[in-house]
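Each remark here refers to the structure printed beneath this line.
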Amino acid sequence: MPDREPPAWMWLKERLSRLRLPTVPVPVAQDPGAAVVRTAVVTDSAAALPADWVSAFAADGRLAVVPMPVMVGEEIYGEGEDDIMQTLAVALASGSPVKTSRPSPGQFEQAYAAAKRRGFEAVVSVHISAELSGTVDAARLAAERVDIPVEVLDSRTVGMAQGMGVQSAVVAAAAGQSAEEVRAFAERRLERTRVYFYVPSLEQLRRGGRIGAAASLLGTVFSIKPILAVDDGRIVPLEKVRSAVRAVARLEEIVAADIATRPTGQARLAVHHFGNPGEAESLAARLAEKCPECPPAQISSLPAVLAAHAGLGVLAVIVGESSTPGN
């Protein structure tokens with residue numbers, strides 16, 4: 001089933017498409033009364049942004065997504081390559097070695113230099129938690145090599161939680177805010193995002209060294225179904241549940257309880273999966289029944305760099321808040 005973009009996000013693409021950009025090599029329709037977008041936004045593929053959302057804003061340079069490499073056996077793949085997800089699924093199912101890496105500083109340097117050539121005055125670069133990847137370090141190294149100011153932000157999270165921070169940065173930049181203001185707005189939104197997820201097995205997280213505090217669960221890995229979260233950039237255990245059915249039901253309860261603490265109508269949801277789109281659709285439908293005030297959830301497969309560590313059968317729910325200016 002294809003990824004689904006909620007109608008609540010369509011307003012953003014329509015609004016941003018009318019904003020004025022700096023001088024660029026391609027004609028852009030301009031509204032004389034609109035703010036000039038002076039700050040470009042860069043992120044990495046761990047942000048799990050919807051493909052059509054990225055394409056809507058990448059063409060004119062206001063957003064760039066640097067792919068994170070995945071190595072399956074001896075082959076290196078970049079996010080978005082046609083066969084990466086199928087190849088990864090087969091490798092995980094067969095127990096073949098799978099590794100991930102950070103992008104090179106040179107890739108970020110190219111993205112920042114491209115923003116300057118487009119006429120932008122600064123860049124805000126939002127990245128996967130430094131506790132899970134060295135991507136932020138690569139971005140900082142690149143920022144020192146370019147002659148355009150770059151604000152590098154460690155999102156302290158991952159997936160569409162990071163993606164919501166990126167979208168907030170794009171919104172703030174579209175309002176004509178400075179790079180410092182764009183970063184601050186993204187930080188405030190990131191602080192309000194939460195990641196909750198269920199994995200059938202901790203094996204892939206263990207192999208990748210990404211489980212952190214969840215290592216305490218390894219002694220009973222074959223008899224429990226863990227519910228995990230991302231807390232201050234680290235993966236931590238929330239609960240140990242004895243069956244897959246109960247784990248997913250408990251995941252729904254945790255998400256519903258989180259939404260109940262937020263201002264009415266402000267919560268936004270995303271559901272990630274890998275190899276189990278039907279389960280993700282069913283989970284999103286049940287969450288919609290429990291939380292009718294929320295817009296429909298964004299449903300998407302995890303990007304390859306995250307799926308490589310979470311493994312097949314993962315279900316993740318991201319809870320954030322509206323990026324609408326003024327909210």
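The values are calculated or read from the model by the stated rules, or taken from the named source; none is laboratory data. Keep in mind that what you see is a predicted model, and the values were worked out from it rather than measured. When we count neighbours, we look across all protein chains shown, and the Cβ atoms used for this are built from the backbone with ideal geometry, even at glycine. Calculation scope for accessible area: heavy atoms of the full protein, side chains included, ligands and nucleic acids excluded. Shrake-Rupley method; radii C 1.70, N 1.55, O 1.52, S 1.80 Å.
For (1) farther than 17 Å from L302 by Cβ; (2) at pLDDT below 90; (3) touching a helix residue (DSSP H, G or I) at 6+ places or on another chain (Cβ under 7 Å), each residue gets a yes or a no:
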| site | (1), (2), (3) |
| --- | --- |
| D52 | yes, yes, no |
| A59 | yes, yes, no |
| V70 | no, no, yes |
| Y77 | no, yes, yes |
| S104 | yes, no, yes |
| Q107 | yes, no, no |
| K116 | yes, no, no |
| R145 | yes, no, yes |
| V152 | yes, no, yes |
Considering P237, P296, P303, which residue is within 18 Å of the chain's Cα centre (by Cα) and open to solvent by 40 Å² or more (accessible area, probe 1.4 Å)?
P296
Determine whether segment 200-210 contains at least one residue that is at pLDDT 70 or above, within 19 Å of A307 (Cα to Cα) and surrounded by fewer than 22 Cβ atoms within 10 Å (Cβ to Cβ).
yes
Starting from segment 141-155, keep only residues that are acidic (D, E), then list their pairs with residues that are modelled with pLDDT of 95 or more and in a loop (DSSP other than H, G, I, E, B) whose Cβ atoms are within a distance under 6 Å, requiring at least 6 positions of separation or different chains.
D154/A130
Residue tally, condition free of Cβ contacts under 8 Å to residues at least 60 places away in the same chain and of a type in the set (A, V, I, L, M, F, W, C), over segment 47-65
7
Please identify the pairs in which a residue from segment 89-116 that is polar (S, T, N, Q) has its Cβ atom under 8 Å from the Cβ atom of a residue that is assigned to a helix (DSSP H, G or I) and surrounded by 14 or more Cβ atoms within 10 Å (Cβ to Cβ), counting only partners at least 6 apart or on another chain.
T100/V305; T100/A308; T100/H309; S104/A138; Q107/A138; Q107/A142
Could you tell me whether G176 is out of contact with any Asp or Glu (no Cβ under 6 Å at 6 or more places or on another chain), closer than 29 Å to A244 by Cα and small (G, A, S)?
no
